[in-house]
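The values are calculated or read from the model by the stated rules, or taken from the named source; none is laboratory data. Since the structure is predicted, the reported quantities are computational estimates derived from the model, not experimental observations. Every residue, glycine among them, receives a Cβ derived from its backbone with ideal geometry; neighbour counts consider all protein chains shown. Side chains included, ligands, DNA and RNA excluded: accessible areas come from the protein's heavy atoms. Shrake-Rupley method; radii C 1.70, N 1.55, O 1.52, S 1.80 Å.
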Amino acid sequence: MHVEPLQDRNVSELSAYYYVDIPDYPETGWDKFKQVMKRTFKGELFVGLWVVLREMIKFDIHTVKYPLEKLPIGPRYRAVHKLLRLWESGFERCIGCGLCEKICISDCIRMDTRIDENSRKEVTEYSINLGRCIFCGYCAEVCPELAIVHGERYENGSEQRAHFVIKDDMLTPLDWLTSGQQQEYPGFGAITPNESVKSTPLAY
Amino acid sequence: MIEFTINNQPVCAQKGETILQAARKAGFYIPTMCYLEKTTPCASCRLCVVEVDSTDGLILSCQTPPTAGLAVTINSDRLEKERTNIMKLYDVNHPLECGVCDKSGACDLQNKTLEFAVSAQNFSAKEQHRPVQHWGLINYDPALCILCEKCTHVCNEIIGDDAITLQFGGYKSAVVPKNSDVLDCTFCGECIAVCPVGALVSSNFQYTANAWELHQVPSTCAHCSAGCSLTYEVKHASIATGTKEKIYRVTNNFEVATLCGAGRFGFDFDVHATKDEELFTKAVEAFKNSKAIRFSSIITNEEALILQRLKEKFGVKLFNEEARAYQSFMAAFGSVSGKNSFSGSLESIAQSDAVIVLGGRVSTDNPAVRYAITTAARHNGAKVIYMHPLEDELMQNVITQMVKYEAGSEEGVIAMLAKTLLNGCDVSDEIQSFLNGLDEGYLCAESNVGDEEFAQISKTLIRAKRKTLVVGLDILNHKNSANIAKLCGLIEMATDFSVVVISQHVNTVGVSLICDLDSDKPTDNVVGYNASGDFTVGSMGVCDMLVPALNSQEGTVTSLNYQVLSMNVAIGFEGYCLNDIANELGIREVNTIDYTSQLPIQKGFKGVDFDSLSNFYGPLGEDNRGYILEMMDVACDGVIDDVCQLPEYNGTIAYACNPVNQFNIYTAHTTQLEKDNALRGSAQFAIAARLAHGDRVTIEGHVGTKTFIIDETLKGTIALNPFYEESTANRGYRFEKIKLTKVES
Ligand code: SF4
Ligand code: SF4
Ligand code: SF4
Ligand code: SF4
Ligand code: SF4
Ligand code: FES
């Protein structure tokens, strides 16, 4: 239907509006009694019950079957963090600069770092206390390496106030990376993962 | 006073000051990148350029003294351009790794790059592959190095190791170990401290923490009597192992002060305990029933005062032979000099133009003294006369004259020295007759120091104006130390020498002033406080009850400069301390530091509260640490005895001497410091003792076995015997005739 006829709110031949036929309201007690009896025994009740029964038997449900099913979350949603890897080498992106730890306004990020065999900084432990985290996204924003990002896993109920995610929970597993399952989040400096991503040639 | 102008404003400079120093004092800012207050100018950065009216060119303010009436301009477009260009050059190919770099923002290069708004690289150079160098406790990343030469300057001018140098090669230039592939030095870590960028870093600390996460606790080094100022930097240990605090590193105000490796790397000697009522009751009982308390001088003044109060209240004896030796020495010294302390200090050594070191191995006994001597030699061209039975490799490059005497003959040597130094001085008849009465022939023969050597000493000293005599640790435990002390007192009183007497532990001086010490005789029921006893309470190794170590305590110590210095809690301690025991015994104060204001005023303490003691160096290097004890007059009634028989030491002799950076049981417990307790002797010693390199030996009268090592740098028949692992301080004279037995493995 077009919208034009609906814009004319007058009831007429040309408009989409018409008067509904409303029977007169019962006036006497007897009339009221007759209406009640009619509505009760007409069988309309069973029409509704039948619809429910029929749909139940058909198993063709149109609502989301949570927790078996989840609605897709917008890419900007700020749920439990992820630590990403470099596409070209599989190395961890996090360099252990500690900026996320420093900027975190609820002071819930902590990490341990050390010097590794190749004289590089290595992050040995990384934890976020989700009980304190307010999912402000500062850590993801400050990270110079696009290493820490917010993911879409929003369930973090727990029987304790303090509960943690650690590095292993957050870091992209290597097989996910090779099978292309690591999601890239658009933002400053973000890359489009494809064949053109290669390791930096070092001319030594 | 030289009057000149900076930016048209009148400024005064002292004689010898540079434009930069005068400008800083007057509050003008001139940027620098290579300037270090305590060394001669490196003059490598050229950032300190200024304009003067006397010449068209730019001059380096860090190395140019002003002339009267000079008009200096420190800000102009030309200077700004010059400085910006320098910063642009510094930034060429500098790795963009501030995110992980140990400087973590506390970086001169970063600061100056931002100050001059260098945001792009307009020059280019081919990048070289320059791998990180691992030098034991130190890592060096040539890619980050800006070649400012601060490190080489401190190593050479202050430390005296002269272990690193700049290898010039244009863009490939780098800092390299001198005459060696790997760094072989005393690992003071001072080069790490002065490095303005993250090129030289502590390998243990590298990449473990960012500067902003560390909590800084200003304190005093607990390892030797110099009491150097340091800052413990503390953070939670690890998220994997719990949140206990841990010291990550030690830093210092490197512009004016210096640390040795023990102070810088030997910081993790803290112990931990919880409040154990049962043990505490036992300890209180032990103190109550004790006849004597044996303790070490590695305690605070306040603890020493508590011990003294215990003595006053319960009549227990106080045993501390090491401090007692110092106490008796200073008493004898004062009986001739008329003062309870000496006039020299670490600063006066550094400012001297002649230093005599007698009877001690200063390089390992007290590195701060060594650094002061190096500074004097390098900056004032001081003549250094080193008198000892053993050569010291580490002092070699500052020594002007080595005087080698026979072990045990110190009394004769100092008598002859006094005679030499007093020559021409106005002295009493009594002393003149003592000097005339010396049997020179015998003394020279027995000590093996010839007349000509003393003649040489007077010749060396002719032009010297500021002279210091450093008396080492050997003397304190010498059989005739009292007479030697009087002779030292004589030199202090009658000549223009300042004397410095080295004490062994961090608070030997404090203990000697606060406690009435008894001579240590075998007694039953001895409680050991940081020392051995029937019941031991302490913070070293295995003890019956643990009390906090000096990095877990608030309190003060008295350094060899007679300066009261404060210590603060770097790592918390959960258990009991001496004050708790004292409270149980009826000597009541809430906190240990309540005793700070009660330290004996008659000994020169000032009766000030702990909380009003400051502990920092001012921006121009002013020493605002604690206070210096007042020098007290004492009765001048000492009579110098005649020097008769000198003891002789023949055969195989061991000299109690610790390796570099090891001082005591606490340094022995730290993780980073090298623990080398081998007995070291020369090839000649090996032949005399019939030992081969690597043999295990036992020394008669000592516990445990040691490895014998032939050390190429040693000569003669005296071996070096480390003692830092032994907890009691009762050692006696450092030279000892020993009997070695080889242990078959
Ligand atoms: S900000 Fe990024 S790179 Fe830095 S520590 Fe945090 S996650 Fe790692
Ligand atoms: S030395 Fe300074 S400028 Fe260089 S990487 Fe480290 S912090 Fe950055
Ligand atoms: S650690 Fe000390 S002695 Fe060694 S190179 Fe550095 S400054 Fe020189
Ligand atoms: S290592 Fe550091 S102190 Fe030494 S020259 Fe390089 S930047 Fe300067
Ligand atoms: S051990 Fe002595 S010289 Fe070394 S840092 Fe400590 S107080 Fe200073
Ligand atoms: S400070 Fe003068 S040249 Fe560097």
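Side notes on the structure shown:
- Modelled this way, with points 7 Å down the Cα-to-C-beta line, the labels at B:Gln401 and B:Glu312 are 4.9 nm from one another.
- Sparsely packed loop sites in the range B:110-208 (the trypsin sites (Lys or Arg not before Pro) outside DSSP H, G, I, E and B with at most 14 other Cβ atoms within 10 Å) comprise B:Lys126.
- Long-range amide H partners of B:Tyr627 with built H, under 5 Å: B:Val564
- Positions from the range A:102-128 whose accessible area shrinks by 10 Å² or more when the full protein complex is built, not the chain alone, probe 1.4 Å: A:Lys102, A:Arg110, A:Met111, A:Asp112, A:Thr113, A:Arg114, A:Ile115, A:Ser119, A:Lys121, A:Glu125, A:Ser127
- Which of B:Asp365, B:Asp53 is most accessible, then next, and so on - probe 1.4 Å: B:Asp53, B:Asp365
- Percent carbon-and-sulfur accessible area, the range A:81-178, ignoring ligands, DNA and RNA, probe 1.4 Å: 49 percent
- Projected-area average for the range B:1-83 over all orientations - Cα convex hull basis, square nanometres: 4.9 nm²
- Overall dimensions of the range B:106-245 by Cα: Rg and Dmax, Å: 17.4, 53
- Probe 1.4 Å - accessible area at A:Thr200, Å² to nearest ten: 110 Å²
- Other residues whose C-beta falls under 10 angstrom from the C-beta of B:Leu358 contribute a net charge of -2, scoring Lys and Arg +1 and Asp and Glu -1.
- Under 15 Å of direct C-alpha separation, and excluding same-chain neighbours fewer than eight residues apart, B:Lys339 reaches these aspartates and glutamates: B:Glu492, B:Glu630, B:Asp633, B:Asp637.
- Stokes-Einstein translational diffusion, the range A:81-178 - Kirkwood Rh over all Cα pairs, 0.692 mPa s, 37 °C, in µm²/s: 235 µm²/s
- For chymotrypsin sites (Phe, Trp or Tyr not before Pro), the sites in the range B:11-107 that DSSP calls loop and that have at most 12 other Cβ atoms within 10 Å are B:Tyr29.
- Estimated FRET transfer efficiency (B:Ala445, B:Val639; beta-carbon r; R0 25 Å; 0.05): 0.45
- Pairwise Cα inverse-distance average, inverted: Kirkwood Rh of the range B:575-618 (Å): 12.0 Å
- Residues with amide H under 5 Å from that of B:Ile138, placed H, sequence gap 5 or more: B:Ser203
- Listed values for the range B:85-91 are Karplus-derived 3J(HN,Hα) couplings in whole Hz (6.51 cos²θ - 1.76 cosθ + 1.60, θ = phi - 60°), namely 4, 4, 5, 4, 5, 4, 7, and x replaces Gly and Pro.
- Alpha carbon centroid spacing (whole Å) that separates the range B:475-496 from the range B:120-199: 44 Å
- Residues B:Glu574 and A:Asp169, FRET efficiency given R0 of 30 Å [Cβ-Cβ distance, rounded to 0.05]: 0.35
- Positive-end residue, the protein assembly as shown charge dipole about Cα centroid, Cβ charges, pick of B:Cys45, B:Val634, A:Leu146: A:Leu146
- Convex hull volume per residue for the protein assembly as shown, taking Cα atoms only, in Å³: 329 Å³
- Summary of the geometry: the range A:1-78 and the range B:567-589, compared by the centres of their Cα atoms, lie 81 Å apart.
- Average accessible surface for the protein assembly as shown: 48 Å² per residue, computed with a 1.4 Å probe over protein heavy atoms with every protein chain in place.
- Compared with the direct C-alpha span, the chain from B:Ala455 to B:Glu712 gains 89.4 nm at full extension, assuming 0.36 nm per residue.
- Normalised by 2.2 N^0.38 Å, with N the number of residues, the alpha-carbon radius of gyration of the range B:325-501 equals 0.94.
- Rolling a 1.4 Å probe over the protein chains gives B:His669 an accessible area of about 90 Å².
- Placing a pseudo-label 7 Å from each Cα along the Cα-to-Cβ vector at B:His693 and B:Gln216 gives an inter-label distance of 4.6 nm.
- Within the accessible area of the range B:653-743, the carbon and sulfur atoms contribute 50%, probe 1.4 Å, all protein chains present.
- Rg/Rh for the range A:33-127 stands at 1.47; both radii use Cα atoms, and Rh follows the Kirkwood definition.
- Integer Hz, Karplus 6.51/-1.76/1.60 couplings in order for the range B:171-183, x for Gly and Pro: 5, 8, 3, 7, 7, 10, x, 6, 6, 6, 7, 10, 6
- Between the amide H of B:Ala719 and those of B:Ile653, B:Ala654, B:Tyr655, distances stay under 5 Å, these residues lying 5 or more places away or on another chain, with hydrogens modeled in the peptide plane.
- Note on the range B:289-357 and the range B:206-224: Cα centroid distance 30 Å, given to the nearest whole angstrom.
- Sorted into 5 angstrom bins from 0, the C-alpha pair distances of the range B:460-593 split as 2, 8, 11, 16, 18, 13, 10, 9, 7, 4, 2, 1, 0 percent.
- Leaving ligands and nucleic acids aside, the B/A contact buries around 1600 square angstrom of accessible area in total at a 1.4 Å probe radius.
- If you plug the beta carbon distance of B:Glu391 and B:Glu744 into 1/(1 + (r/R0)^6) with R0 = 51 Å, you get a FRET efficiency near 0.95.
- Axis of helix B:451-461 versus longest Cα principal axis of chain B: the two differ by about 40°, to the nearest ten degrees.
- Per residue, the average separation of C-alpha pairs within less than 8 Å and at least 6 apart gives chain B a relative contact order of 14 percent.
- With Cα atoms, 0 to 90° folded angle of helix A:44-58 axis to chain A main axis: 30 degrees
- Estimated purely from DSSP H runs of n ≥ 4, each contributing -39500 (n - 2.57), the mean residue ellipticity at 222 nm for chain B is -7000 deg cm²/dmol once divided by its residues.
- In the complete set of protein chains, residue-level accessible area for B:His693 is approximately 120 Å², probe 1.4 angstrom.
- Carbon + sulfur, % of accessible area of the range B:325-501 - ligands and nucleic acids excluded, 1.4 Å: 46 percent
- Using distinct alpha-carbon pairs, which all enter the 1/r mean, Kirkwood radius of chain B in Å: 27.8 Å
- Complex-versus-alone comparison for the range B:121-161, residues with a loss of 30 Å² or more in accessible area, probe 1.4 Å: B:His129
- Working from label points 7 Å from Cα in the Cα-to-Cβ sense, the B:Ser124 to B:Asp56 distance is 3.6 nm.
- Each residue of the range B:428-439 is assigned a 3J(HN,Hα), and the resulting list reads 5, 4, 4, 5, 4, 6, 4, 5, 5, x, 5, 7 Hz, derived from the Karplus form 6.51 cos²θ - 1.76 cosθ + 1.60 (θ = phi - 60°), x at Gly and Pro.
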